[in-house]
1. Scan region A:96-103 and tell me whether some residue there is touching a strand residue (DSSP E or B) at 6+ places or on another chain (Cβ under 7 Å), modelled with pLDDT of 95 or more and not in a loop (DSSP other than H, G, I, E, B).
2. Where in region A:1-83 are there strands (runs of 3 or more DSSP E), lying wholly inside it, with at least 1 residues that are without any contact (Cβ under 8 Å) to a residue 12 or more places away in the chain, out of contact with any helix residue (DSSP H, G or I) (no Cβ under 6 Å at 6 or more places or on another chain) and surrounded by 15 or more Cβ atoms within 10 Å (Cβ to Cβ)?
3. Condition test on residue A:94, is it within 12 Å of another protein chain (Cβ to nearest Cβ), more than 20 Å from residue A:18 (Cα to Cα), under 13 Å from the mean Cα position of the chain (by Cα) and not acidic (Asp, Glu)?
4. Under 8 Å between Cβ atoms, at least 6 apart or on separate chains: pull out the pairs that start in region B:66-82 with a residue that is under 8 Å from residue B:19 (Cα atoms) and end on any residue that is surrounded by fewer than 12 Cβ atoms within 10 Å (Cβ to Cβ).
5. Select from region B:85-96 the residues that are within 10 Å of chain A (Cβ to nearest Cβ) and buried (at least 21 other Cβ atoms within 10 Å of the Cβ) and list them in ascending order.
6. Does region A:63-86 contain at least one residue that is at the interface with chain B (Cβ under 9 Å from one of its Cβ atoms), within 20 Å of residue B:42 (Cα to Cα) and out of contact with any Cys (no Cβ under 7 Å at 6 or more places or on another chain)?
7. Here's a check for you: in region A:99-108, which residue that is out of contact with any Ser or Thr (no Cβ under 7 Å at 6 or more places or on another chain) and buried (at least 18 other Cβ atoms within 10 Å of the Cβ) is farthest from residue A:17 (Cα to Cα)?
Amino acid sequence: NAGVMQNPRHLVRRRGQEARLRCSPMKGHSHVYWYRQLPEEGLKFMVYLQKENIIDESGMPKERFSAEFPKEGPSILRIQQVVRGDSAAYFCASSLAGGPDLATQYFGPGTRLLVL
Amino acid sequence: QQQVKQSPQSLIVQKGGISIINCAYENTAFDYFPWYQQFPGKGPALLIAIRPDVSEKKEGRFTISFNKSAKQFSLHIMDSQPGDSATYFCAANRGGKLQFGAGTQVVVTP
């Protein structure tokens, strides 16, 4: 009964490189969310996706960041041309549905990105 | 601006004591209020959650109290144990977007 899976767990990139973070939701979940947690801070919403659709990307930086959740395969958060300020823990969560009764979000272990 | 305000920032409680964490929100469109527990290096784990039409919910040693008119809710951890030492986050949901409080670091001393 696997929970939300994220990989890699740790990722080191040099400034200007690309970072790709992957998330596989819990079995049966079709809603995926990405959050970012800076050191000593709370989690900040980035994007909400369903299969092949972006529902809410109001928390995504306008440039360099993109996310997708294809029909097959994991959700991908992509950060192009990383900068030191992108260093953070990135968490993926999934839920059964988007309404309040079924909106419980279960989080993965996170990917810790370090930009040198 | 922070839509969910959480206090205190940190809390030290003796084993067997009660830990109380408070949260306040402004947006009445929030429809679901979960609490998460996070250990260092781990992802947040759902503890307990409540809807705004319920004033209290209890699960084991964890209780949420919800005051809709005051737009406040709180987490009570009864009989606190050293294993409860962690950071606790309140959150509020609207349309799938969780707004988190800043977190409370709880330390339970033996």
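The values are calculated or read from the model by the stated rules, or taken from the named source; none is laboratory data. Note that the structure is a prediction, hence the values are computed from the model and not measured. Note that we place each Cβ from the backbone using ideal geometry, even for glycine, and neighbour counts take in every protein chain shown.
1. No; the residues of region A:96-103 include none that is touching a strand residue (DSSP E or B) at 6+ places or on another chain (Cβ under 7 Å), modelled with pLDDT of 95 or more and not in a loop (DSSP other than H, G, I, E, B).
2. A:53-56
3. Working: within 12 Å of another protein chain (Cβ to nearest Cβ): yes; more than 20 Å from residue A:18 (Cα to Cα): yes; under 13 Å from the mean Cα position of the chain (by Cα): yes; not acidic (Asp, Glu): yes.
Yes: the conditions hold for residue A:94.
4. Sorted first by the residue in region B:66-82, then by its partner, the pairs are B:80/B:14; B:80/B:16.
5. Residues satisfying the conditions are B:89, B:90, B:91, B:93, B:96.
6. no
7. Filtering first and then ranking leaves A:100.
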